[in-house]
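Here the structure is laid out as structure tokens; the discussion comes afterwards.
We did not get these values from a lab; they are worked out from the coordinates using the rules stated. Just so we're clear, the structure is a prediction, and the values are computed from it rather than from any experiment. Reconstructed Cβ throughout: ideal geometry from the backbone, glycine too, with neighbour counts over all protein chains shown.
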Amino acid sequence: MITNLQEAYVIHAKAYKETSMLVTFFTKNDGKVSAIAKGAKRPKSKFSGTLEPFQKIVIDYSGRTSLKTLKSSECIEPFQEFCTRKNLYSAFYVNELINCMVKSNEDPIEIFNLYEQCIIQLYGDSDTNIVLRNFEFNMMKVLGYEINLHSDYRSGDPLDANSFYTYAPQMGFTVSDSGYDGEQLIEIREKKFSKKNLELAKQIIKQTLDFYFEELNINSRSFFR
């Protein structure tokens, strides 16, 4: 008997017809998987309590098309509460980022591990801004959208702490009379996240995601509001 038993997290879920749910999972082996959980909205559903976001589960599903049928789901870790509402909202942001940026056929294991580490940190008392910036930088690197904080894309010279740079997401940084401060860019590369550097990192990441969201036909304005 063929099974697709594997670890997963719920990334997105919505009602499907009267009693079912359409759920997008991020799985360790198959990446993003969309499946119908038949009868999930019924009071005594076999899926009851197992399709909550941010909770590690084991699922099994079947189907030959891109839309699968969920056969089983089981919690393998106890449900946790986030310590603050900001942490909860940050976790939902991470889910939306995964849902929008990761393709269904993307090699999942490295991204799955990054996602899991991020959620674990958000459950704790880590600085949410640092957790999110690290996740964004690392995820974009894995997906092939890495932000080059090492060198000038025109000259190839290393970034200079005494220079200023302009930034084009599809190319990188290049020296300019004004723009982003080179010293700050180097500190961001070295994960020296002062409050000022976190704000700059957020600005650069938003500029990058705006560009690729447009390329992927995603409404970034609603995503970042």
### Summary
For residue 19, placing the label point 7 angstrom along Cα-to-beta-carbon and taking region 62-90, residues whose amide nitrogen sits under 17 Å are 70-72
### Message
Give me the extension gain from residue 69 to residue 148: residue separation times 0.36 nm, minus the current Cα-Cα distance, reported in nm with one decimal.
### Response
24.3 nm
### Summary
Residue-ordered couplings for region 151-160, obtained by feeding phi - 60° into the Karplus form 6.51 cos²θ - 1.76 cosθ + 1.60 and rounding to whole Hz (Gly and Pro as x), are 8, 6, 5, 7, 8, x, 6, x, 4, 10
### Interchain or long-range residues, amide H under 5 Å from residue 163's placed H
182, 183
### Equivalent ellipsoid semi-axes, the chain, via Cα gyration tensor eigenvalues times 5, rooted, Å
38, 18, 14
### Task
Taking the Cα centre of the chain as origin, sum charge times position over the Cβ atoms of Lys and Arg (+1) and Asp and Glu (-1), and report the length of that vector in debye to the nearest 20.
1340 debye
### Task
Taking H placed 1.01 Å from N in the peptide plane, check which residues at least 5 places from residue 72 or on another chain put their amide H under 5 Å from its amide H.
60
### Summary
Taking only the Cα positions of region 145-195, the convex hull volume per residue in Å³ is 81 Å³
### Message
Under 8 Å for C-alpha pairs, at least 6 residues apart: give me the relative contact order for the chain, rounded to a whole percent.
### Response
13 percent
#### Entry: Distance-filtered residues of region 1-38 - backbone nitrogen under 12 Å, label point 7 angstrom along residue 56 Cα→Cβ
7-9, 28
### Message
For region 105-163, take every pair of Cα atoms, bin their distances at 10 Å starting from 0, and report each bin as a whole percent.
### Response
20, 37, 28, 16, 1
### Task
Pop the C-beta distance of residue 5 and residue 189 into the FRET formula with R0 = 35 Å and round what comes out to the nearest 0.05.
0.30
### Query
At a Förster distance of 25 Å, what's the computed FRET efficiency of residue 171 paired with residue 202, Cβ-Cβ distance as r, to 0.05?
0.75
### Summary
Links exceeding 28 Å between C-alpha atoms in this model, out of 86/191; 38/206; 14/196; 14/103; 17/46; 17/202, come to 38/206; 14/196; 17/202
### Translational diffusion coefficient (Stokes-Einstein; Kirkwood radius from C-alpha pairs) of region 6-75 at 20 °C, 1.002 mPa s, in µm²/s
183 µm²/s
